[in-house]
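The values are calculated or read from the model by the stated rules, or taken from the named source; none is laboratory data. Here the structure is a predicted model, which is why all the values come from computation and not from measurement. Don't worry about glycine lacking a Cβ; one is built from the backbone with ideal geometry, like all the others, and counts go over all protein chains shown.
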Amino acid sequence: MSSNKIIEGDFSFIKDIYIKNMVEELYTIINNLDEAKKDIVWGFFKNFSGESFSFMEIPYQTEILNNCKTGHSGTSWSVTLQHMKLISLDWDSYVSKYKKYE
């Protein structure tokens with residue numbers, strides 16, 4: 001029996017190439033941080049209780065942005081951070097929610 005489960009980190013299900021590139025890039029940058037920093041960043045997203053990331057600074061933001069090749073506006077950065085929040089809670093739920101509203 002084949003599984004339709006998408007492995008964590010595979011963003012091929014995102015049809016919009018710009019969103020896919022932004023989300024995939026940030027996800028990869030975070031996961032390439034050293035273990036302590038990575039745990040802090042993912043923990044920040046998991047525990048974030050605000051409604052918006054607008055005008056927010058995340059842990060190690062400067063280091064992360066220095067590794068981004070994608071230029072971000074405030075809006076694209078905030079949207080990408082919302083994706084990270086959903087991913088931090090549960091990959092499978094993130095994929096299901098994204099596919100449902102795409």
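With respect to (1) at pLDDT below 95; (2) of a type outside the set (A, V, I, L, M, F, W, C); (3) in contact with a Ser or Thr (Cβ under 9 Å, 6 or more places away or on another chain); (4) surrounded by 11 or more Cβ atoms within 10 Å (Cβ to Cβ), the lone exception for K46 is condition (1). Output yes when any residue across region 4-11 is exposed (fewer than 13 other Cβ atoms within 10 Å of the Cβ), at pLDDT below 95, more than 14 Å from the chain's Cα centre (by Cα) and in a loop (DSSP other than H, G, I, E, B), and no when none is. Scanning region 4-11, I find at least one residue that is exposed (fewer than 13 other Cβ atoms within 10 Å of the Cβ), at pLDDT below 95, more than 14 Å from the chain's Cα centre (by Cα) and in a loop (DSSP other than H, G, I, E, B), so the answer is yes.
May I ask you to verify whether D34 is under 14 Å from the mean Cα position of the chain (by Cα) and loosely packed, with under 13 Cβ neighbours inside 10 Å? Spell out the reasoning first.
Details: under 14 Å from the mean Cα position of the chain (by Cα): no; loosely packed, with under 13 Cβ neighbours inside 10 Å: yes.
No.
Would you be able to say whether some residue in region 74-93 is touching an Asp or Glu at 6+ places or on another chain (Cβ under 9 Å) and surrounded by fewer than 14 Cβ atoms within 10 Å (Cβ to Cβ)? Checked region 74-93: at least one residue is touching an Asp or Glu at 6+ places or on another chain (Cβ under 9 Å) and surrounded by fewer than 14 Cβ atoms within 10 Å (Cβ to Cβ).
Checking the condition in a helix (DSSP H, G or I), among the hydroxyl-bearing types (S, T, Y) and either modelled with pLDDT under 95 or under 16 Å from Y18 (Cβ atoms) (or both), which residue from Y98, Y94 passes?
Working: Y94 fails: either modelled with pLDDT under 95 or under 16 Å from Y18 (Cβ atoms) (or both).
So the residue among Y98, Y94 that is in a helix (DSSP H, G or I), among the hydroxyl-bearing types (S, T, Y) and either modelled with pLDDT under 95 or under 16 Å from Y18 (Cβ atoms) (or both) is Y98.
Evaluate the following for K38: is it more than 17 Å from L89 (Cβ to Cβ) and either free of Cβ contacts under 8 Å to residues at least 12 places away in the same chain or outside any loop (DSSP other than H, G, I, E, B) (or both)? So K38 fails the test. Quick check: anything in region 77-86 hydrophobic (A, V, I, L, M, F, W, C), over 21 Å from Y101 (Cα atoms) and at pLDDT 95 or above? Looking through region 77-86, none of the residues is hydrophobic (A, V, I, L, M, F, W, C), over 21 Å from Y101 (Cα atoms) and at pLDDT 95 or above.
Checking each residue in region 42-73 for being under 19 Å from I19 (Cα atoms), part of a loop (DSSP other than H, G, I, E, B) and not β-branched (V, I, T) picks out S52, F53, S54, N67, C68, K69, G71, H72, S73. Taking the numbered list (1) part of a helix (DSSP H, G or I); (2) over 12 Å from the mean Cα position of the chain (by Cα); (3) among the hydroxyl-bearing types (S, T, Y) in turn, S76 passes all entries but (2).
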